[in-house]
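So the structure is just underneath, and the comments pick up after that.
The values are calculated or read from the model by the stated rules, or taken from the named source; none is laboratory data. Since we're looking at a predicted model, the values are computed, not measured. Quick reminder, even Gly has a Cβ in these numbers, built from the backbone with ideal geometry, and neighbours come from all protein chains shown. Note: accessible area is taken over every heavy atom of the protein model, side chains too, but ligands, DNA and RNA are not part of it. Shrake-Rupley method; radii C 1.70, N 1.55, O 1.52, S 1.80 Å.
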Amino acid sequence: MNWIESEFTAVRYFTLDGSDYPSHAAQETAIAGYLRWRNRHPKRHFAVNSKFRRPNYLPNVA
(Lines give C-alpha, C1' and ligand atoms only; values in the text may rest on other atoms or scores of the structure.)
Protein backbone atom coordinates (compact mmCIF):
# COMPACT_ATOMS: atom_id res chain seq x y z
CA MET A 1 0.00 0.00 0.00
CA ASN A 2 1.26 3.47 -0.80
CA TRP A 3 1.79 5.88 2.07
CA ILE A 4 -0.76 8.27 0.53
CA GLU A 5 -3.42 5.55 0.60
CA SER A 6 -3.04 5.24 4.35
CA GLU A 7 -3.32 9.02 4.68
CA PHE A 8 -6.59 9.08 2.73
CA THR A 9 -7.87 6.19 4.83
CA ALA A 10 -7.09 8.19 7.98
CA VAL A 11 -8.89 11.27 6.62
CA ARG A 12 -11.93 9.16 5.84
CA TYR A 13 -11.85 7.40 9.23
CA PHE A 14 -11.40 10.52 11.38
CA THR A 15 -13.64 12.93 9.48
CA LEU A 16 -16.16 11.10 7.29
CA ASP A 17 -17.07 7.69 8.73
CA GLY A 18 -20.30 7.87 10.70
CA SER A 19 -20.70 11.59 10.07
CA ASP A 20 -23.75 13.57 9.10
CA TYR A 21 -22.53 17.08 8.41
CA PRO A 22 -25.26 19.66 7.84
CA SER A 23 -23.38 21.24 4.93
CA HIS A 24 -20.36 20.90 2.70
CA ALA A 25 -18.80 23.82 4.55
CA ALA A 26 -19.03 21.93 7.87
CA GLN A 27 -17.50 18.84 6.25
CA GLU A 28 -14.71 20.94 4.77
CA THR A 29 -14.04 22.48 8.19
CA ALA A 30 -13.74 19.02 9.77
CA ILE A 31 -11.35 17.82 7.06
CA ALA A 32 -9.25 20.98 7.34
CA GLY A 33 -9.10 20.58 11.12
CA TYR A 34 -7.85 17.02 10.78
CA LEU A 35 -5.25 18.07 8.21
CA ARG A 36 -4.00 20.86 10.48
CA TRP A 37 -3.64 18.33 13.33
CA ARG A 38 -1.92 15.81 11.03
CA ASN A 39 0.56 18.41 9.79
CA ARG A 40 1.48 19.28 13.39
CA HIS A 41 2.12 15.58 14.10
CA PRO A 42 4.12 14.24 11.12
CA LYS A 43 5.16 10.61 10.85
CA ARG A 44 8.77 10.11 11.81
CA HIS A 45 10.93 7.02 11.57
CA PHE A 46 8.21 5.08 9.81
CA ALA A 47 8.82 1.31 9.95
CA VAL A 48 12.45 1.64 11.01
CA ASN A 49 12.96 -2.07 11.70
CA SER A 50 10.65 -3.31 8.99
CA LYS A 51 11.77 -6.20 6.80
CA PHE A 52 10.46 -4.19 3.86
CA ARG A 53 13.26 -1.68 4.40
CA ARG A 54 16.00 -4.26 4.93
CA PRO A 55 14.79 -7.60 3.65
CA ASN A 56 16.85 -10.54 4.87
CA TYR A 57 15.21 -13.01 2.52
CA LEU A 58 16.97 -11.81 -0.62
CA PRO A 59 19.96 -13.82 -1.83
CA ASN A 60 23.39 -12.31 -1.25
CA VAL A 61 24.79 -11.88 -4.73
CA ALA A 62 27.82 -9.88 -5.66
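Among residues of the range 8-32 that are part of a loop (DSSP other than H, G, I, E, B), those with a Cβ under 9 angstrom from a residue that is open to solvent by 100 Å² or more (accessible area, probe 1.4 Å), sequence gap 6+ or separate chain, pair up as Tyr21/Glu28.
Of all residues in the range 34-54, none that is outside any loop (DSSP other than H, G, I, E, B) has its Cβ atom under 7 Å from the Cβ atom of a residue that is at pLDDT below 70, 6 or more apart or on another chain.
Yes/no matrix, rows are residues, columns are (1) at pLDDT 70 or above; (2) surrounded by fewer than 11 Cβ atoms within 10 Å (Cβ to Cβ); (3) aromatic (Phe, Trp, Tyr):
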position	(1), (2), (3)
Ala10	yes, no, no
Ala25	yes, yes, no
Glu28	yes, no, no
Ser50	no, yes, no
Asn56	no, yes, no
